[in-house]
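As structure tokens, the structure follows; a few thoughts come after it.
Only the coordinates and a few stated rules stand behind these numbers; no lab work does. All values reported here derive from a predicted model rather than from experimental measurement. All Cβ positions, glycine included, derive from the backbone under ideal geometry; neighbour counts span all protein chains shown.
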Amino acid sequence: MRTRLAIAAVFAALMLAIVPGVAFGAQSTTSTVMPTTTATRSVSPTAPYALDFTLPTESKAGCMVCHGDTNLTRLKAGKTVSFYVDGEAYAKSIHAKTLCVGCHIDFAYTAPHDGTSDWQSTAKLACKNCHEKQFLSMGQGVHRRSVAATGAAALAEAKKPLCGDCHGGHDITQITDSPAGKAALHENGYQICGRCHQDYWDNYDDYYHGAAYKAGAEDAPACWDCHGWHDIRSSKDSASLVNKSHLVETCGTGDCHDQHGTASDTFIQDAAQMIHGKRAVRAENPLVVFFTRIFDGIGKIFGK
Amino acid sequence: MTAILLAEVNVWLDVIFVVLEILVFCVFFIVHLGVSIPTGRFKKQWIDKQWPKHDWAPPALPKFIHFQHLTMMLLLGLSGMYIRFPFFEGGRTPMRYVHYVAMVIVGLNFFWRLWYAFFSKERDWKEFAVGKKDLATLLGVAAYYTYFSNNKPHVAKYNVMQKLAYDLFGVLMIVQGFTGLALLTQPFLFGTSPREILVGWWLGPLVGGTAMAGAWVRIVHYSVNWLFIIVTTVHIYLAAGIDLPCTLDFFGIKKLEVDPNAYHHDHDDDHADAPAHAPAVAEAD
């Protein structure tokens, strides 16, 4: 009798240990399997998708059921907005192993998604959860958003970039310890800075910096090489890298003008003005003005 | 010194040299060529085919050297202009290499030519030397080219203006080589760069540092580049317009007819003072 009881106890203990393990193991495996239910578009492009179940979120597969579809578009304020996520680009990104909800932290776990939250800003700011140092650094710069602003000031604040605006989203590349990532970033000056600072982008066209940069010169400086990045400041701020008081050290950094401290004050005062100033100087040159008027006059004669 | 001085100087140079090149082109290819019609020179040369005669044709080696020198100078001009005005995507590094390689070849050409002129068996430096006799003909040659006279004084293989132009090329090449090397900032000797060695120690203190000296040297380098372009424009016009057969021969298009008695009979053109012992005549400027 005692023997039978002992066998029964061992069996019961084994069952208690194994069954939940098998059950949970099965659950974790099934969570990464693509669901068999697919999202189907409802009759109106602005209406919610005909989908109503709890989405699996422990892998990307669940989200990609819908967002892997290139046709996933919605009409918003008269514009067709795509919600397609390029799975291949995502898989190649530095965040390939990060789950969707790692950045989309306000995701409601249900479909249709709640369209009222500012999910884009949330996603673009989610970087701070892992990259705290960079986020704190950004808080020191001119791109820091003031949450206390109201009215027109609040609108202006809302235009300031968040992490994702500069670094991109699903296809974000590795920068640290990655020459290829740095090279890819280096080429992206217009997307990162120029599209907001169009005037500075346009007048960044001196011979050996701006014009060369825009023509793809690898050794020509991108905006941030001089102006800094996360804690970027106005040039009027004495802490700015491009403030007059710091130009010598900024221009003498690395392989630029680091010839034994030859980036002297005199050189900097003259050369730095040319970097964003050549266009204005050219526009004011009397001969340029003269010939421009002549060519304009000829153009008018021929009706151009 | 205003803070924007460098930008202003550079923009002025861009504009002035472009205008100057256009003016030079128009003066020679439109005005000078145009005036040659009423003066009869155009008909004599282009219709009656009365080109200057030669008692000597350049052999293959000088022609080859001239041709590859021309190619290298074109590459230097093109790549140099690209470095300043990048006119297509992604060419900075390749164009710099083109510039360096062409510079080395032109440098070798130059030293070879110096050796040829002063130390070879032919040592022809005297043909480029401008003496009192040459200077005495300067006004006469200038008058011929400006249509004030039909008489072009000759005292040697090259006339005085040709000699001055060729000598100017040599001087410009020395200046261009020096200023070009002075633009290099990579450590070269005991950790110092060519810029520091060539200009940093003497020009630097005068203009406000080595980097500033480099900026002014770049301005000189760019200006001399334009002088090459302008002088070459004139050279092309005169070579083709004054002595087309010699130019065609130089490029292997048509062999030059050699007349051993080129200087022993009268020219319609009244080449005065052409000595009987003159080695050859190269009319092209």
Point to revise | For the stretch B:143-149, 3J(HN,Hα) per residue [Karplus equation, 6.51 cos²θ - 1.76 cosθ + 1.60, θ = phi - 60°, Hz, x = Gly/Pro] | key: 5, 5, 5, 9, 6, 7, 8
Check your understanding: Which lysines have a Cα less than 16 Å from the Cα of B:Lys126, not counting those fewer than 8 places away in the same chain?
Key -> B:Lys157, B:Lys163
Practice item. Sort B:Phe29, A:Phe267, B:Phe251 so the one with the fewest other Cβ atoms within 10 Å of its own Cβ comes first. Key: B:Phe251, B:Phe29, A:Phe267
Exercise for review: Holding the Cα-Cα limit at 24 Å, pick out from B:Lys132/B:Lys152; A:Lys97/A:Lys159; A:Lys92/A:Lys128 the pairs that are longer than that.
Suggested key: A:Lys97/A:Lys159
Practice item. Let me know the mean shielding of B:6-19 by other chains, meaning the per-residue number of their Cβ atoms within 10 Å of its Cβ. Key: 6
Revision key, fill the gap. Expressed as a whole-number percentage, the relative contact order of chain B with C-alpha contacts under 8 angstrom and at least six residues apart is 27 percent
Study note, to complete from the structure: Row for the stretch B:6-132, column shape: gyration tensor on C-alpha, a ≥ b ≥ c, rounded if a/c < 1.5 i.e. under 1.5, prolate if a/b over b/c, else oblate; value oblate
Point to revise | Electrostatic dipole magnitude of the stretch B:81-175 [Cβ: Lys, Arg +1; Asp, Glu -1; Cα centre; debye, to 20] | key: 140 debye
Practice item. Please report the Cα spread of the stretch A:179-301 along all three principal axes, rounded to whole Å, starting with the longest. Key: 52, 34, 27
Revision key, fill the gap. Measuring from its Cα centre, chain B shows a charge dipole (+1 at each Lys and Arg Cβ, -1 at each Asp and Glu Cβ) which, in debye to the nearest 20, is 540 debye
Revision key, fill the gap. Computed ³J(HN,Hα) along the stretch B:51-65: with the Karplus parameters 6.51/-1.76/1.60, θ = phi - 60°, integer Hz and x for glycine or proline, the list is 8, x, 9, 10, 9, 7, 10, x, x, 5, 4, x, 5, 5, 4
**Study point:** Neighbourhood net charge (13 Å Cβ-Cβ; Lys/Arg +1, Asp/Glu -1) for A:Gly68
**Key:** -2
Revision key, fill the gap. Using alpha-carbon positions, the gyration tensor of the stretch B:95-166 gives root eigenvalues a ≥ b ≥ c; with a/c under 1.5 called rounded, otherwise prolate if a/b exceeds b/c, else oblate, the class is oblate
Exercise for review: Starting from the amide H of B:His54, placed 1.01 Å from N in the peptide plane, find each other amide H under 5 Å away whose residue is 5 or more places distant or on another chain.
Suggested key: B:Asp259
Check your understanding: Out of residues 5 or more away from A:Thr73 or on other chains, whose amide H comes under 5 Å of its own, with H placed 1.01 Å from N in the peptide plane?
Key -> A:Phe83
Review point. Using θ = phi - 60° and the Karplus curve 6.51 cos²θ - 1.76 cosθ + 1.60, what whole-Hz ³J(HN,Hα) does each residue of the stretch B:131-140 get, with Gly and Pro shown as x?
Key: x, 4, 4, 5, 4, 5, 9, 4, 5, x
Practice item. Mind running the shape call on the stretch A:69-184? Use the C-alpha gyration tensor, a ≥ b ≥ c as the square roots of the eigenvalues: rounded below 1.5 for a/c, prolate if a/b tops b/c, oblate otherwise. Key: oblate
**Study point:** By average C-beta atoms within 10 angstrom, highest first, the peptides B:216-225, A:178-187
**Key:** B:216-225, A:178-187
Study note, to complete from the structure: Measuring from its Cα centre, the stretch A:179-301 shows a charge dipole (+1 at each Lys and Arg Cβ, -1 at each Asp and Glu Cβ) which, in debye to the nearest 20, is 520 debye
Exercise for review: On a C-alpha basis, how far is the centre of the stretch B:1-79 from the centre of the stretch A:77-99 in Å? Whole number, if you could?
Suggested key: 58 Å
Exercise for review: Using the Kirkwood radius over Cα pairs, work out the Stokes-Einstein diffusion coefficient for the stretch B:5-250 at 10 °C and 1.306 mPa s, in µm²/s as a whole number.
Suggested key: 77 µm²/s
